[in-house]
Every structure is written in structure tokens, then in C-alpha cells.
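A quick write-up on the structure given underneath.
The values are calculated or read from the model by the stated rules, or taken from the named source; none is laboratory data. A quick note: this is a predicted structure, and the numbers were derived from the prediction, not measured. No Cβ is skipped: glycine too gets one built from the backbone with ideal geometry, and neighbour counts run over all protein chains shown.
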Amino acid sequence: MKLWSDSFRNGGVIPAEFAFAEPDPAKRIRLAANRNPHLAWSEVPNGTQSLLLLCIDGDAPADAADANQEGKLLSPDLPRSDFYHWSLVDIPPELSTIAAGQLSNGVVPRGKPGPDAPLVVFNGGQHQLRHGLNDYTDWFAGDPAMAGEYFGYDGPCPPWNDLRVHHYVFRLYALDVPRLPLEGRFTCLEASIAMRGHILDEAQTIGAYSLNPQAR
């Protein structure tokens, strides 16, 4: 199976329009267009009944206490952990592309609704996909202006004082079940656990992003 994007090249820099935040000379960062990137895939294996898409930043600081703090820098050598930016499940195997901005277009304070994703139209019909809660749900939990449930895609916003360039892995899985065995609201991590034992194949593409001038 192959996965690619017309929005960025594999291993290249993700444009700011697909990020949650972008650099700002006066305020360090500002909110960005937050559009989901274009993604397309091919060579889905026989027997695939649905597809599942994840976007994971594996370079998030394990301890974010010093993130975005004046007078402090996050060393590239600090311990890192996963930060989930997107899970889209129950994708019909006949679907082969997601257009740029189709499922996310702009930052929504308190998060986009879910778990039902916007209807996807193809082959003359409408199809209901689902998306899970991404990790901005926990990140903004203590912020009165932003706290809420963040479903679907919300793009890169690495700490502006992080000296490490972050890498965002878009990974597509072919599954042998038509519907992920989860009901109601679920997190990206729960989606990744629920698909275990059902994976027929997978493919990925990676983009890089940073808000730190030294890292860029």
C-alpha cells in the first residue's frame, strides 16, 4: 500500500496552512489556517473492509512544563513522547483521496464536533466516517478560552522554544473489519489499540514542522 500527499513531500516541511499555529515576528506564534493536508493512497490489499488514518507527532516533549516559556529552551535531547493529531476511522476502501481542507479548515476554539466526521461524498453517495479525540483535548484542558473536546484533525503546534524539529507521521492502515470496534467518543490512542489484530497492511508519509527560528 502507498500513501502520499500533494501538500508536502515525504520528509519535507509541512506548509503553515496545514498547521495549528505559525510563526509571528511580534508574538512568536499565531493561529494558522489549520487545514488538513491532501492525502491519497493506492494498492489497498484484497480483503480490506475499511481504512484507518492516524497523524502522530513522535517528538512531543514528555515533560511539557517548560514548553513555550520565556527564557527557556527545550533541548533536542529531552525525552519525547507521542502526541496524536488525528484519527479518522471507518474509511471505505473504495475511497482513495482526501482533499486539502476537506475535513478541517480553520482553528475551532473548544474543538470541532464529533465523533461523526463531515460526510464524505463519492461514487454518488454520502458516507459517514468517524474521528477520535486528538491530544489537544488534554493540552487545552486548563485553558478557559480553549478547553473542550477536539475531534478530527488539528495540525502542528510544537513549542516555539523547542530546538528539535518535529516530525508528523501520517499513517494509513488497511483493516479486515468494516467498522472499528469502538462506540461513542474515543481517543486516537484508543483507536490505535482497537485496530490491533485487524491490520492487513500499512503505509505512511512524514512531514516536518517547527515554530523555533533556530530549528527552522
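If you go through the stretch 43-56 and keep only what is under 21 Å from the mean Cα position of the chain (by Cα) and either over 16 Å from ILE199 (Cα atoms) or free of Cβ contacts under 8 Å to residues at least 12 places away in the same chain (or both), you end up with CYS55, ILE56. Could you please let me know if PRO92 is out of contact with any helix residue (DSSP H, G or I) (no Cβ under 7 Å at 6 or more places or on another chain) and under 18 Å from LEU211 (Cβ atoms)? For PRO92, the condition - out of contact with any helix residue (DSSP H, G or I) (no Cβ under 7 Å at 6 or more places or on another chain) and under 18 Å from LEU211 (Cβ atoms) - is not met. Are any residues in the stretch 176-196 touching an Asp or Glu at 6+ places or on another chain (Cβ under 9 Å) and either farther than 25 Å from ALA67 by Cβ or among the hydrophobic types (A, V, I, L, M, F, W, C) (or both), and if so, which ones? Across the stretch 176-196, the qualifying residues are PRO178, ARG179, LEU180, LEU182, ARG185, CYS188, LEU189.
So which strands (runs of 3 or more DSSP E) are wholly in the stretch 1-61 and hold at least 3 residues that are of a type outside the set (Phe, Trp, Tyr) and either in contact with a helix residue (DSSP H, G or I) (Cβ under 7 Å, 6 or more places away or on another chain) or surrounded by 21 or more Cβ atoms within 10 Å (Cβ to Cβ) (or both)?
Result: 50-61.
For MET146, the test of being at pLDDT 95 or above, within 29 Å of GLY11 (Cα to Cα) and either hydrophobic (A, V, I, L, M, F, W, C) or over 12 Å from the mean Cα position of the chain (by Cα) (or both) is failed. Going by the structure shown, is ARG130 modelled with pLDDT of 90 or more and farther than 28 Å from ARG30 by Cα? Taking the combined requirement at face value, the residue satisfies it.
To keep it simple, each residue is scored yes or no on (1) under 17 Å from the mean Cα position of the chain (by Cα); (2) within 22 Å of GLU190 (Cβ to Cβ); (3) modelled with pLDDT of 95 or more.
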position	(1), (2), (3)
ASN105	yes, no, yes
GLY124	no, no, no
TYR136	yes, yes, yes
PRO159	yes, no, yes
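Restricted to strands (runs of 3 or more DSSP E) entirely inside the stretch 84-187, those with at least 3 residues that are touching a strand residue (DSSP E or B) at 6+ places or on another chain (Cβ under 8 Å) and surrounded by fewer than 22 Cβ atoms within 10 Å (Cβ to Cβ) are 166-175. Taken over the stretch 107-122, residues that are closer than 30 Å to ASN212 by Cα and either modelled with pLDDT under 95 or touching a Ser or Thr at 6+ places or on another chain (Cβ under 9 Å) (or both) amount to 2.
So is ALA99 small (Gly, Ala, Ser) and under 30 Å from GLY142 (Cα atoms) or not? No.
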